[in-house]
Amino acid sequence: MKIIFFFFFFNCCHRVICQLTAESLSVGCPQFWWFLSLSRGPDKYSRFWYSLINFQVASYVRQKKDPYFGDGQRKKDWHNKEAIRRDSERVGNGEQGKPYPMTDAERVDQAYRENGFNIFVSDKISLNRSLPDIRHPNCKNKLYLEKLPNTSVIIPFHNEGWSSLLRTVHSVLNRSPPELIAEIVLVDDFSDREHLKKRLEDYMAQFPNVRILRTKKREGLIRTRMLGASMAIGDVITFLDSHCEANVNWLPPLLDRIARNRKTIVCPMIDVIDHDHFGYETQAGDAMRGAFDWEMYYKRIPIPPELQKLDPSDPFESPVMAGGLFAVDRKWFWELGGYDAGLEIWGGEQYEISFKVWMCGGRMEDIPCSRVGHIYRKYVPYKVPTGVSLARNLKRVAEVWMDEYAEYIYQRRPEYRHLSAGDVTAQKELRNNLNCKSFKWFMSEVAWDLPKFYPPVEPPAAAWGEIRNVGTGLCVDTKHGALGSPLRLESCVKDRGEAAWNNVQVFTFSWREDIRPGDPQHTKKFCFDAISHSSPVTLYDCHGMKGNQLWRYRRDKTLYHPVSSSCMDCSESDRKIFMNSCNPSSPTQQWIFEHTNSTVLEKFNRNLDL
Ligand SMILES: *[C@@H]1O[C@H](CO)[C@@H](O)[C@H](O)[C@H]1NC(C)=O
Ligand SMILES: *[C@@H]1O[C@H](CO)[C@@H](O)[C@H](O)[C@H]1NC(C)=O
Ligand SMILES: *[C@@H]1O[C@H](CO)[C@@H](O)[C@H](O)[C@H]1NC(C)=O
Ligand SMILES: [Mn+2]
């Protein structure tokens, strides 16, 4: 009898009953307690059902606590099925995000000079081109609130190319529900290119909700964004770059999160539009958390298991944003003081807004179901006022927000220590008035996984100095070679007793278990890299993912490469350094680091079959 009842219970309407039972937990509903006592008997069936119902109730209660679940608000499927179908039928240059087949005539430098990407190719691709839907498959079934706030889309630009700017606008118009676009605001930061003047105004006249604002002098990216934001009328402000393409259903997933918690800043996944052929694809690693190293370079780190969602298409928390693409409740943006108006031109602003929103009671998320492509330029085509403003911006951010952690930056960038950050009183007052938390809190609650990748205090290196080969008596040398060029043997400069400017023979086997040029305090960001058990050893950008840049310095003095199970070897006659099958008795496979720290080496080697 009991069992039949439970079958009914779980099969027919467990959701409703769980809701009832959960609610009755708080009001002490007698039916519920009767029900529990019924299922609580000594026999094992009862115990089974009892634990099952407990589980159901517990998970319901958990979900109820999550404001984003089962909140009773009406949701809907925001996909524009008709537009998706039309897009899927498009064929032609660059359609479906495919690379455009470039001719030699289109490959010339001239094509890149004005924009830093190939404008000839851009001009050949439709302003309405279709993009591949590369979202996680779960995104296709997601529902978002029926009632969403509308947004002003702010697109600052400076001397942007015609087709790249227009494709940004078209992609937003084509792939956003019209009722959610309060306006598109193009903010011109004092461009001088002719097509951005009357011609742009004439073109945009066909779109009633596109506005053009212009700065009166060159203001830089940060103040240009602020000008756009200050004129915005939408409930939400969405910032885009001027060479982007919004992908399918990109907007509702962003606005939905803000509707549920107005203090959330949301970022779309940023995809890569190739600056040569305009092919569209994800960034390496796709969904990752935004982070920084202690020289304040932006970095991306993997989502730790603790933060991975059951559904990988669900939003996840990110400590810092990449930069120009995000949406924020307009009023909340201004409650946060917008951007620090003392930030010049470009740089550091993404840290400022990110630290601020987390520390002052908001949060920040990346939204896997929202994707926007961005053209990463080959180079910046216009004059950017020199490094001084970037350094000053970073110093401002460090001074206002980073508390005692600023010291870690000054240790690596001593030139920042005495640089003037200008007047930051207003910023500090804002931090005070908003009762913002400490940077220590930010590091321990939000960016707690960052030090694993970028420790504030560099852990001691395992070995450093010259690397001398036992068999030949020669040293590993980079000869200042270009990235990707092989390492070579040279006579050891220490022995020559002369300053050998053409040689780099000092290396560090660092706590990351990779080998880099430079002494432990000043390593370069290049790493010993081998791709097979017989390949040369080259210098390559450190990817920090161990893999083919992971090395072991073993007791038998071999430099072992776990991925290929081979050892670093060399030949005296042609001075080459290459991978080979390990033969520890071969003197050409034995290498002596000038200095070692045996504690650290022991630690690295401890769990290894050596
Ligand atoms: C883009 O599509 C719109 C309709 O969605 C159409 O009016 C316009 O002519 C198209 N423009 C181009 C350049 O294909
Ligand atoms: C945006 O939404 C607000 C209500 O949230 C409404 O008052 C306003 O008129 C809308 N703006 C536009 C341009 O649709
Ligand atoms: C060697 O490493 C240990 C930590 O593993 C550290 O305490 C010690 O200072 C290091 N020694 C040198 C000479 O760097
Ligand atoms: Mn850009």
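The values are calculated or read from the model by the stated rules, or taken from the named source; none is laboratory data. All of these numbers come straight from a predicted model, not from anything done at the bench. Ideal geometry is used to build each Cβ from the backbone, glycine not excepted, and the neighbour counts take in all protein chains shown. Surface accessibility is based on the protein's heavy atoms, side chains included, excluding ligands, DNA and RNA. Shrake-Rupley method; radii C 1.70, N 1.55, O 1.52, S 1.80 Å.
Within the stretch 349-375, the residues that satisfy the criterion of being in contact with a Ser or Thr (Cβ under 7 Å, 6 or more places away or on another chain) and either within 14 Å of Ala398 (Cβ to Cβ) or assigned to a strand (DSSP E or B) (or both) are Arg363, Met364, Glu365, Asp366, Pro368, Cys369, Ile375.
Residue by residue, here is whether (1) within 13 Å of ligand 2 (Cβ to nearest atom); (2) surrounded by 15 or more Cβ atoms within 10 Å (Cβ to Cβ); (3) of a type in the set (Gly, Ala, Ser) holds:
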| residue | (1), (2), (3) |
| --- | --- |
| Lys142 | no, yes, no |
| Pro156 | no, yes, no |
| Val185 | yes, yes, no |
| Asp189 | no, yes, no |
| Asp192 | no, no, no |
| Leu227 | no, yes, no |
| Gly234 | yes, yes, yes |
| Ala246 | no, yes, yes |
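Okay, residues lined up against (1) modelled with pLDDT of 95 or more; (2) buried (at least 16 other Cβ atoms within 10 Å of the Cβ); (3) on the phi < 0 side of the Ramachandran plot; (4) not assigned by TED's automatic domain parsing to the domain that holds Leu145:
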| residue | (1), (2), (3), (4) |
| --- | --- |
| Pro253 | yes, yes, yes, no |
| Asn261 | yes, no, yes, no |
| Phe278 | yes, yes, no, no |
| Ala287 | no, yes, yes, no |
| Tyr297 | no, no, yes, no |
| Phe333 | yes, yes, yes, no |
| Gly337 | yes, yes, no, no |
| Leu343 | no, yes, yes, no |
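Among residues of the stretch 140-155 that are in contact (Cβ under 8 Å) with a residue 24 or more places away in the chain, those with a Cβ under 6 angstrom from a residue that is open to solvent by 30 Å² or more (accessible area, probe 1.4 Å) and part of a helix (DSSP H, G or I), sequence gap 6+ or separate chain, pair up as Leu145/Ala259; Leu148/Ala259; Pro149/Ala259. Among the residues of this structure, Phe442 counts as one that is within 30 Å of Val272 (Cα to Cα), modelled with pLDDT of 95 or more, away from ligand 1 (no atom under 16 Å from the Cβ) and not basic (Lys, Arg). Is it true that Arg363 is touching a Lys or Arg at 6+ places or on another chain (Cβ under 9 Å), open to solvent by 20 Å² or more (accessible area, probe 1.4 Å), at negative phi and of a type in the set (Lys, Arg)? Yes, satisfied. Asp519 - would you say it is surrounded by 20 or more Cβ atoms within 10 Å (Cβ to Cβ), in contact with a Phe, Trp or Tyr (Cβ under 9 Å, 6 or more places away or on another chain), under 22 Å from Ile592 (Cβ atoms) and not small (Gly, Ala, Ser)? When the stated conditions are applied, Asp519 does not pass them.
For Met545, are the conditions met, namely being assigned to a strand (DSSP E or B) and either in contact with a helix residue (DSSP H, G or I) (Cβ under 9 Å, 6 or more places away or on another chain) or without any contact (Cβ under 8 Å) to a residue 60 or more places away in the chain (or both)? Give the derivation first.
Working: assigned to a strand (DSSP E or B): no; either in contact with a helix residue (DSSP H, G or I) (Cβ under 9 Å, 6 or more places away or on another chain) or without any contact (Cβ under 8 Å) to a residue 60 or more places away in the chain (or both): yes.
No: the conditions fail for Met545.
Name every residue in the stretch 155-201 that is closer than 25 Å to Asn247 by Cβ and of a type in the set (Gly, Ala, Ser), in order of residue number.
Answer for the stretch 155-201, where residues must be closer than 25 Å to Asn247 by Cβ and of a type in the set (Gly, Ala, Ser): Gly161, Ser163, Ser164, Ser171, Ser176, Ala182.
How about the stretch 240-347: which strands (runs of 3 or more DSSP E) wholly inside it have at least 1 residues that are without any contact (Cβ under 8 Å) to a residue 24 or more places away in the chain, within 16 Å of ligand 1 (Cβ to nearest atom) and under 21 Å from Gly362 (Cβ atoms)?
Values: elements: 244-246, 264-273, 289-292, 298-301, 326-329.
So the answer is none; nothing clears 1.
Go through the stretch 572-596 and give me each residue that's assigned to a strand (DSSP E or B) and either under 35 Å from the mean Cα position of the chain (by Cα) or without any contact (Cβ under 8 Å) to a residue 60 or more places away in the chain (or both).
Within the stretch 572-596, Phe578, Met579, Asn580 qualify.
Kindly indicate the residue of the stretch 568-599 that is within 16 Å of ligand 3 (Cβ to nearest atom) and surrounded by fewer than 19 Cβ atoms within 10 Å (Cβ to Cβ) and also farthest from Ala463 (Cα to Cα) among those meeting that condition. Step by step, filter the stretch 568-599, then rank; the result is Thr599. Residues in the stretch 94-125 that are part of a loop (DSSP other than H, G, I, E, B), closer than 17 Å to Ile273 by Cα and open to solvent by 70 Å² or more (accessible area, probe 1.4 Å): Lys98, Pro99, Pro101, Arg107. Restricting the stretch 157-206 to residues that are among the basic types (Lys, Arg) and touching a strand residue (DSSP E or B) at 6+ places or on another chain (Cβ under 7 Å), the residue that is nearest to Pro252 (Cα to Cα) is Arg175.
Residues satisfying the criterion are absent from the stretch 301-316 (criterion: within 30 Å of His277 (Cβ to Cβ), within 16 Å of ligand 2 (Cβ to nearest atom) and at pLDDT 95 or above). Out of the stretch 160-197, which residues are in contact with a His (Cβ under 9 Å, 6 or more places away or on another chain), in a helix (DSSP H, G or I) and of a type in the set (Ser, Thr, Tyr)? Hits for the stretch 160-197 are Ser164, Thr168.
Please indicate, with yes or no, whether at least one residue in the stretch 198-215 is open to solvent by less than 10 Å² (accessible area, probe 1.4 Å), assigned to a strand (DSSP E or B) and not hydrophobic (A, V, I, L, M, F, W, C).
No.
Filtering Leu474, Leu394, Leu489, Leu483 for residues that are touching a strand residue (DSSP E or B) at 6+ places or on another chain (Cβ under 8 Å) and under 30 Å from His243 (Cα atoms) leaves a single hit, Leu483.
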